[in-house]
Structure formats: C-alpha cells, structure tokens
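The values are calculated or read from the model by the stated rules, or taken from the named source; none is laboratory data. The model shown is predicted, which means the values in this text are computed figures rather than measured ones. Glycine also receives a Cβ, built like all others from the backbone with ideal geometry; neighbour counts cover every protein chain displayed.
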Amino acid sequence: MKNLDADTILQLTKKLEIQNDISLEEADQLFSLMSPHNDFVDEAANYKIDYELVDALKGWYCAAADKIKNGHRGNFVFTIRFNNHGFVDWNLWYTIQSPAIDAIMRYGGAEDLCKVFVVDKKMYVSFSSYLQGLFRLNQRFEERGGVSIKHIGRDNDTGGFYKLKTNRAGLLLYPVETHTISEIMKQLCPAVVMWLSNSLIMYDRFFEMASMGGIPETRIVSGGGVKQHILAAFISRKNIPYIVAIDAKNKSVLFTEEQYIPIIKKAKEIPFEDLVNDAVDKSIINTRMAKNLLDNNHIKDFPIKKFVENSMKIMYDIIKLKTEWESTRKSVENEKIWLEEIR
C-alpha cells in the first residue's frame, strides 16, 4: 500500500470536515501510515522527519477529534491507533495522534473502544457461515483491519475459543465483505461487566478455564483474580456459551444467550464474602488470607483449586434452593389465580 503524501492528507482532512467521513480504503491508508515499520515511521526514528507530513497528520487527527466530540462516527475512526507498541519514536506517535486518542477515550462507546473480542467455540458453532468467516484466519481482516486472529483449543471439538485483538479503534464496526462483528452483539444479552487483569496471561487463563475447564495452579492471586477463577469455573461447569468484549479502558463485558441470563444472575447475587467465610469455616483458608482476599491484596501460595471447588458447591446449593423457592412461589401464585377463577 503506497504511503499518502501531505497534500493528499490535507485533502482528506478537508473531505472529513465537509462530508463528515472518508472511504474505508482511505482510512486504511491513513492507518497504515501510522503503523510500526512503515517507511515514514522508520525514517522518523532515524531522525529523517518529514515535517510537512507530520503537520498534515496532526491536522487530520485534530479534525477527527473534533468530529468524535461532536458525535460523528464513520470510517475515519478506523485511522486511530490506541497505543505505540512497535514504535521506536513513541513521542512522534503521541504528538500526532493524541487529540484523537483523547477524544475517543472520553467520548467513545463500546464499538469504538473494543480492543479484544473473544468467542467461545460453543458460541462460534451457532453462528451463520459468514459470521464464522470473521474468526477464521481471514487475511484481509488481519492485514487491512490491523487485527490478529488466534484460535486456542483443538479443531475437532467444541473446546477452546477464538480471540481477535487489535490496537485499532472501531474493531466491532470494521466491515469484512459487508459484515461486522457488531452484528453478533445484537443476537446476545450482556450478562456480566467485569474488570479482567491487564495481564494478557491472566485474561487468557480466564478464557481457557471458561472454555476448556480445569483450574490451573496460581502462585499469587488477589481477590479480583479469585473472582475471575470462580466465574470462569461456573461458566465452564454450566456449559454456558459466551463472548467477551474488552475495551481500551480494560472494561470487559460478557455476553451470552438469553436463556442463560437467569442462572448467571443468581450466581452474581451470591456475596463473595459468603464464599470466603465458608472457606474459613472449613479451614480451606485462614482469617489472614480471608482479609487479604476481601481487601483485594495479593496472596502467595493460595489454595485456589480447593477454594474454587468449595465455592462451586456453595453456589450450586444456593442456586438450587433459589430455583426451588421460585418454582414453589410460582406454583402458589398459579393456585391462587385458579382459586379466584372458580369462585
């Protein structure tokens, strides 16, 4: 893809100001220009800075920021790169893009800010063939969309998950053969809002547990990390299909099919403190560990497997009792209605 020159970028900026957007191809060209190892970026790292081009790019990202602040969205959002990973001269990247990044972080919604999108294999197999195509090793999506696509798990079963990751704004709305990931979101219900660890290892571990089962030994945990283990184990044991969208602020939303919402809601209603106190009563953890868990401090040599297994048992018992109580209440209410009808 040939680099844009300063004059062309100025023309695109004018087009954005007048028409409120540019074409997808033009957005791809601008994004490519600000990608690591582009000739422009490499030359700047060697102090061969094209100041005319830099000024044109600054003007572009200022114009994009103004459009975002005023509520406009379109292909121009795809020109924004969230971070400077791979850049030798990170200061140049920030100087050029900071107005647009600040604007999208402040005014952007979920579709603008999503950086990681994970699809459980059980959910994936229910998609139509064209939506499944977004998650296969789609060369166009990876190269033009600035997306890395990774499949974790075995191909011959429903275990595992697909993970799409990008540093580019607007992942959920980037079109591939006229289709977008956001189409999937319309079919599902948000179930859990959570803050997954910023560590790639930690949130990959969550997805591996939720999709493939097992409770890996963890040398150091925190209260938040233990909650993630419990949620992942619950999703796995109940065979709940899911997708997770993680945004640039590290906020994660887990979506699933509507039929699974009631059981997840019941699980969420169980106080973490009750699980901790029960583990103390059964001598699985001591009171010091319990306090550190509730204060979200890091704990060494935590018995994570025993704690999660005990938490699962407690949660199943509570959910069973709640379900039975609701069923009884509904039966009584129906009986009252029947009695009223025959009077």
Note to self: Would you confirm whether or not segment 260-274 contains a residue that is buried (at least 21 other Cβ atoms within 10 Å of the Cβ) and among the aromatic types (Phe, Trp, Tyr)?
What the structure shows: no
Checklist line | Close pairs from segment 2-20: first farther than 12 Å from LYS67 by Cβ and of a type in the set (Lys, Arg), partner at pLDDT 95 or above and assigned to a helix (DSSP H, G or I), Cβ under 9 Å, at least 6 apart | finding: LYS14/ALA63
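I'd like to check which helices (runs of 4 or more DSSP H) are fully inside segment 99-170 and have at least 3 residues that are over 19 Å from MET34 (Cβ atoms) and modelled with pLDDT of 80 or more.
Values: elements: 110-113, 121-124, 129-132, 139-145.
Qualifying helices (runs of 4 or more DSSP H): 121-124.
Do you know which residues across segment 63-98 are modelled with pLDDT under 85 and either β-branched (Val, Ile, Thr) or in a helix (DSSP H, G or I) (or both)? Reasoning before the result, please.
Applying the first criterion (modelled with pLDDT under 85) to segment 63-98 yields 83-94.
Hits for segment 63-98 are VAL88, TRP90, ASN91, LEU92, TRP93, TYR94.
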Notebook entry, point to check: What's the number of the condition LEU188 fails, among (1) touching a helix residue (DSSP H, G or I) at 6+ places or on another chain (Cβ under 7 Å); (2) modelled with pLDDT of 80 or more?
Noted result: (1)
Notebook entry, point to check: Out of the residues in segment 283-312 that are surrounded by 12 or more Cβ atoms within 10 Å (Cβ to Cβ) and among the charged types (D, E, K, R), which is farthest from ILE230 (Cα to Cα)?
Noted result: LYS291
Margin query: Checking the conditions here, which among ILE342, ILE314, ILE284 is at pLDDT below 90, among the β-branched types (Val, Ile, Thr) and more than 28 Å from the chain's Cα centre (by Cα)?
Written below: ILE342
Check: Which ones in segment 273-316 are among the polar types (S, T, N, Q) and part of a helix (DSSP H, G or I)?
Finding: ASN277, THR287, ASN292, ASN310, SER311
Check: Does segment 25-42 include one or more residues that are at pLDDT 85 or above and surrounded by fewer than 16 Cβ atoms within 10 Å (Cβ to Cβ)?
Finding: yes
Notebook entry, point to check: MET209 fails exactly one of the following numbered conditions: (1) at pLDDT 90 or above; (2) part of a helix (DSSP H, G or I); (3) of a type in the set (A, V, I, L, M, F, W, C); (4) within 30 Å of GLY160 (Cβ to Cβ). What is the number of that condition?
Noted result: (1)
Check: Assuming GLY213 fulfils every condition listed in (1) among the small types (Gly, Ala, Ser); (2) within 17 Å of the chain's Cα centre (by Cα); (3) within 18 Å of LYS121 (Cα to Cα) apart from one, which condition is it?
Finding: (2)
Notebook entry, point to check: Restricting the search to segment 223-272, which residues are among the β-branched types (Val, Ile, Thr) and in a helix (DSSP H, G or I)?
Noted result: VAL226, ILE230, ILE235, ILE261, ILE263, ILE264
